[in-house]
Amino acid sequence: INGKKIKAQAEKTILEVARDNDIHIPTLCHSDALKPAGNCRLCTVEVTCGSRTTLETSCNYLIQDGMQVETASERVQAVRKLVMELLLARGPNPTKLREIGFEVGVDAVPPQFTLENEYCILCGLCVRSCSEIVQADAIDFEGSGINKKVTVPFNETSQDCIGCGTCVFTCPTQVIKMQDMDDAKIIYVEGEEDLGPQRMMQNWKTELNLKMC
(Lines give C-alpha, C1' and ligand atoms only; values in the text may rest on other atoms or scores of the structure.)
Protein backbone atom coordinates (compact mmCIF):
# COMPACT_ATOMS: atom_id res chain seq x y z
CA ILE A 1 0.00 0.00 0.00
CA ASN A 2 1.50 3.31 -1.16
CA GLY A 3 4.79 1.49 -1.81
CA LYS A 4 4.90 -0.08 1.67
CA LYS A 5 5.02 -3.89 1.87
CA ILE A 6 2.32 -5.17 4.20
CA LYS A 7 1.51 -8.65 5.47
CA ALA A 8 -2.14 -9.23 6.37
CA GLN A 9 -4.65 -11.97 7.00
CA ALA A 10 -6.64 -13.35 4.09
CA GLU A 11 -10.32 -12.39 3.72
CA LYS A 12 -9.67 -8.85 4.94
CA THR A 13 -10.62 -5.81 2.88
CA ILE A 14 -8.22 -3.14 1.69
CA LEU A 15 -9.86 -0.65 4.06
CA GLU A 16 -9.41 -2.95 7.06
CA VAL A 17 -5.74 -3.58 6.26
CA ALA A 18 -5.11 0.12 5.65
CA ARG A 19 -6.62 1.05 9.00
CA ASP A 20 -4.66 -1.70 10.75
CA ASN A 21 -1.53 0.00 9.42
CA ASP A 22 -2.57 3.59 10.22
CA ILE A 23 -3.18 4.47 6.57
CA HIS A 24 -6.14 6.84 6.31
CA ILE A 25 -8.88 6.30 3.73
CA PRO A 26 -11.97 8.56 4.03
CA THR A 27 -15.37 6.90 4.35
CA LEU A 28 -18.95 8.04 4.80
CA CYS A 29 -21.25 5.01 4.45
CA HIS A 30 -18.99 2.50 6.21
CA SER A 31 -19.61 1.06 9.69
CA ASP A 32 -17.73 -1.78 11.37
CA ALA A 33 -21.08 -3.12 12.57
CA LEU A 34 -22.47 -3.51 9.04
CA LYS A 35 -21.59 -5.43 5.91
CA PRO A 36 -19.66 -3.16 3.51
CA ALA A 37 -21.76 -1.72 0.70
CA GLY A 38 -19.53 0.75 -1.16
CA ASN A 39 -22.38 3.21 -1.62
CA CYS A 40 -20.61 6.54 -1.13
CA ARG A 41 -17.48 5.73 -3.21
CA LEU A 42 -15.32 7.95 -0.99
CA CYS A 43 -13.08 5.03 -0.06
CA THR A 44 -12.03 4.53 -3.70
CA VAL A 45 -8.41 3.43 -4.19
CA GLU A 46 -6.27 2.46 -7.17
CA VAL A 47 -5.57 -1.27 -7.34
CA THR A 48 -2.96 -2.94 -9.54
CA CYS A 49 -3.03 -6.72 -9.98
CA GLY A 50 -0.50 -7.87 -12.54
CA SER A 51 -0.77 -5.58 -15.58
CA ARG A 52 -4.30 -4.38 -14.80
CA THR A 53 -5.02 -1.22 -12.81
CA THR A 54 -8.54 -0.31 -11.71
CA LEU A 55 -10.36 2.02 -9.33
CA GLU A 56 -12.11 0.07 -6.57
CA THR A 57 -14.00 0.74 -3.35
CA SER A 58 -11.67 -0.36 -0.57
CA CYS A 59 -14.42 -1.18 1.95
CA ASN A 60 -15.58 -4.28 0.05
CA TYR A 61 -12.52 -5.24 -2.02
CA LEU A 62 -10.67 -8.23 -0.55
CA ILE A 63 -6.88 -8.19 -0.48
CA GLN A 64 -4.86 -10.45 -2.76
CA ASP A 65 -1.27 -11.63 -2.59
CA GLY A 66 1.01 -9.33 -4.58
CA MET A 67 -1.56 -6.57 -5.23
CA GLN A 68 -0.47 -2.94 -5.20
CA VAL A 69 -2.71 -0.25 -3.75
CA GLU A 70 -2.49 3.53 -4.02
CA THR A 71 -4.72 5.46 -1.64
CA ALA A 72 -3.94 9.01 -2.79
CA SER A 73 -3.00 8.91 -6.48
CA GLU A 74 -4.19 11.66 -8.83
CA ARG A 75 -6.99 9.42 -10.17
CA VAL A 76 -8.12 8.55 -6.63
CA GLN A 77 -8.15 12.17 -5.51
CA ALA A 78 -10.10 13.19 -8.63
CA VAL A 79 -12.78 10.58 -7.88
CA ARG A 80 -13.11 11.64 -4.24
CA LYS A 81 -13.38 15.30 -5.19
CA LEU A 82 -16.12 14.56 -7.72
CA VAL A 83 -18.03 12.45 -5.18
CA MET A 84 -17.84 15.22 -2.59
CA GLU A 85 -18.85 17.89 -5.10
CA LEU A 86 -21.98 15.88 -5.93
CA LEU A 87 -22.77 15.21 -2.26
CA LEU A 88 -22.27 18.85 -1.32
CA ALA A 89 -24.45 19.95 -4.23
CA ARG A 90 -27.24 17.80 -2.76
CA GLY A 91 -26.55 18.69 0.88
CA PRO A 92 -24.30 21.74 1.35
CA ASN A 93 -25.15 22.25 5.03
CA PRO A 94 -24.46 19.03 7.02
CA THR A 95 -21.32 19.46 9.14
CA LYS A 96 -20.03 15.96 8.36
CA LEU A 97 -20.09 16.61 4.61
CA ARG A 98 -18.32 19.94 4.96
CA GLU A 99 -15.61 18.32 7.10
CA ILE A 100 -14.94 15.52 4.61
CA GLY A 101 -15.13 18.00 1.74
CA PHE A 102 -12.39 20.06 3.35
CA GLU A 103 -10.34 16.90 3.88
CA VAL A 104 -10.43 15.94 0.18
CA GLY A 105 -9.93 19.51 -1.06
CA VAL A 106 -13.49 20.61 -1.89
CA ASP A 107 -14.52 23.90 -0.30
CA ALA A 108 -17.16 24.95 -2.83
CA VAL A 109 -19.64 23.36 -5.20
CA PRO A 110 -18.82 23.92 -8.90
CA PRO A 111 -21.20 26.41 -10.55
CA GLN A 112 -22.36 23.84 -13.12
CA PHE A 113 -24.05 21.80 -10.36
CA THR A 114 -27.55 22.68 -9.20
CA LEU A 115 -27.46 23.43 -5.48
CA GLU A 116 -30.08 21.63 -3.37
CA ASN A 117 -30.81 21.68 0.35
CA GLU A 118 -31.16 18.02 1.33
CA TYR A 119 -29.83 16.48 4.52
CA CYS A 120 -30.42 12.84 3.58
CA ILE A 121 -27.56 11.79 1.29
CA LEU A 122 -28.93 8.26 0.67
CA CYS A 123 -25.89 6.61 2.24
CA GLY A 124 -28.12 3.75 3.42
CA LEU A 125 -26.66 3.47 6.93
CA CYS A 126 -30.07 3.82 8.58
CA VAL A 127 -31.72 1.24 6.30
CA ARG A 128 -28.90 -1.25 6.68
CA SER A 129 -28.60 -0.85 10.47
CA CYS A 130 -32.37 -1.30 10.88
CA SER A 131 -32.19 -4.48 8.82
CA GLU A 132 -28.85 -6.02 9.80
CA ILE A 133 -28.47 -4.97 13.45
CA VAL A 134 -32.02 -4.48 14.74
CA GLN A 135 -33.61 -6.87 12.21
CA ALA A 136 -36.78 -4.80 12.24
CA ASP A 137 -36.79 -3.80 8.54
CA ALA A 138 -38.96 -0.83 9.47
CA ILE A 139 -37.57 1.51 6.79
CA ASP A 140 -36.31 1.15 3.24
CA PHE A 141 -35.52 3.02 0.03
CA GLU A 142 -38.38 4.10 -2.19
CA GLY A 143 -38.25 5.30 -5.78
CA SER A 144 -35.18 5.65 -7.98
CA GLY A 145 -32.96 8.31 -9.47
CA ILE A 146 -33.75 11.83 -8.30
CA ASN A 147 -36.94 10.54 -6.63
CA LYS A 148 -35.14 8.04 -4.40
CA LYS A 149 -35.68 8.49 -0.65
CA VAL A 150 -35.72 6.64 2.66
CA THR A 151 -39.18 6.18 4.09
CA VAL A 152 -41.63 3.84 5.81
CA PRO A 153 -43.95 1.54 3.81
CA PHE A 154 -46.70 3.51 2.03
CA ASN A 155 -45.44 6.64 3.84
CA GLU A 156 -47.65 5.79 6.83
CA THR A 157 -46.92 5.11 10.51
CA SER A 158 -44.41 2.27 10.75
CA GLN A 159 -45.76 -0.81 12.50
CA ASP A 160 -42.29 -2.40 12.68
CA CYS A 161 -40.32 0.49 14.19
CA ILE A 162 -39.46 -0.28 17.83
CA GLY A 163 -38.05 3.19 18.54
CA CYS A 164 -34.56 1.91 19.37
CA GLY A 165 -32.88 4.95 17.82
CA THR A 166 -30.20 3.00 15.95
CA CYS A 167 -30.99 4.89 12.75
CA VAL A 168 -30.56 8.19 14.61
CA PHE A 169 -27.12 7.27 15.91
CA THR A 170 -25.83 5.94 12.57
CA CYS A 171 -27.05 8.85 10.41
CA PRO A 172 -23.97 10.94 9.48
CA THR A 173 -25.97 14.09 8.72
CA GLN A 174 -28.30 13.92 11.76
CA VAL A 175 -31.41 14.31 9.64
CA ILE A 176 -33.31 11.59 11.55
CA LYS A 177 -35.04 13.08 14.58
CA MET A 178 -36.04 11.26 17.78
CA GLN A 179 -37.77 13.03 20.66
CA ASP A 180 -38.58 11.72 24.14
CA MET A 181 -41.43 13.37 26.07
CA ASP A 182 -42.19 12.83 29.74
CA ASP A 183 -45.83 13.81 29.46
CA ALA A 184 -47.24 13.69 25.92
CA LYS A 185 -50.74 14.94 25.20
CA ILE A 186 -53.16 15.13 22.30
CA ILE A 187 -55.02 18.41 22.22
CA TYR A 188 -58.61 18.32 20.97
CA VAL A 189 -61.13 21.14 20.66
CA GLU A 190 -63.10 19.67 23.54
CA GLY A 191 -60.13 18.85 25.77
CA GLU A 192 -56.88 16.90 26.17
CA GLU A 193 -55.85 13.24 26.19
CA ASP A 194 -52.87 12.31 28.36
CA LEU A 195 -50.55 9.79 26.71
CA GLY A 196 -47.82 9.70 29.34
CA PRO A 197 -44.12 9.18 28.47
CA GLN A 198 -43.62 8.72 24.73
CA ARG A 199 -40.88 8.53 22.14
CA MET A 200 -41.46 10.11 18.75
CA MET A 201 -39.58 8.94 15.64
CA GLN A 202 -40.54 11.95 13.55
CA ASN A 203 -39.21 10.78 10.18
CA TRP A 204 -41.05 7.46 10.41
CA LYS A 205 -44.30 8.95 11.80
CA THR A 206 -44.08 6.61 14.77
CA GLU A 207 -45.03 7.21 18.41
CA LEU A 208 -44.24 4.64 21.09
CA ASN A 209 -45.05 4.46 24.78
CA LEU A 210 -42.01 4.67 27.05
CA LYS A 211 -41.69 2.42 30.08
CA MET A 212 -39.31 3.71 32.73
CA CYS A 213 -36.87 1.12 34.07
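Here are a few things to note about the model shown:
- Å² per residue, accessible surface of the stretch 66-148 at 1.4 Å: 58
- Stokes-Einstein, applied to the Kirkwood radius of the chain over Cα pairs at a viscosity of 1.567 mPa s and 4 °C, places its translational diffusion at 66 µm² s⁻¹.
- Net charge of the neighbourhood of Glu207, taken over other residues with C-beta under 15 Å away and scored Lys/Arg +1, Asp/Glu -1, is -2.
- Inter-label distance, His24 to Ala72: 0.8 nm, where each label sits 7 Å from its Cα along the C-beta direction.
- Per residue of the chain, the DSSP helices (runs of n ≥ 4 H) give a summed -39500 (n - 2.57) that works out to -6500 deg cm²/dmol at 222 nm.
- The chain: DSSP helices with Cα axial extent of at least 20 Å and average Kyte-Doolittle hydropathy no lower than -1.0: 74-90
- Between the exposed loop cleavage positions of the chain, defined as trypsin sites (Lys or Arg not before Pro) in a non-H, G, I, E, B DSSP state with at most 10 neighbouring beta-carbon atoms within 10 angstrom, the longest gap is 8-210.
- With every protein chain in place, the chain: carbon and sulfur % of accessible area (1.4 Å): 48
- Cut-off 15 Å (backbone N to label point 7 Å along Cα→Cβ of Ile146), residues of the stretch 78-108: 89-91
- Lys/Arg +1, Asp/Glu -1 at C-beta; the chain dipole; positive extreme among Gln9, Val175, Val127: Gln9
- For the chain, built as a Gaussian network whose Cα springs stay under 10 Å, the top-fluctuating residue of Leu115, Leu88, Leu125: Leu115
- With the cut-off at under 19 Å, measuring from each backbone N in the stretch 154-172 to a point 7 Å along the Cα-to-Cβ line of Asp180 picks out 161-171.
- Measuring between their Cα centroids, the stretch 96-131 and the stretch 24-77 lie 19 Å from each other.
The values are calculated or read from the model by the stated rules, or taken from the named source; none is laboratory data. All of these numbers come straight from a predicted model, not from anything done at the bench. FYI the Cβ positions are ideal-geometry reconstructions off the backbone, even for glycines, and counts take in every protein chain you see. Please note that ligands, DNA and RNA were not included when accessible areas were found on the heavy atoms of the full protein model with its side chains. Shrake-Rupley method; radii C 1.70, N 1.55, O 1.52, S 1.80 Å.
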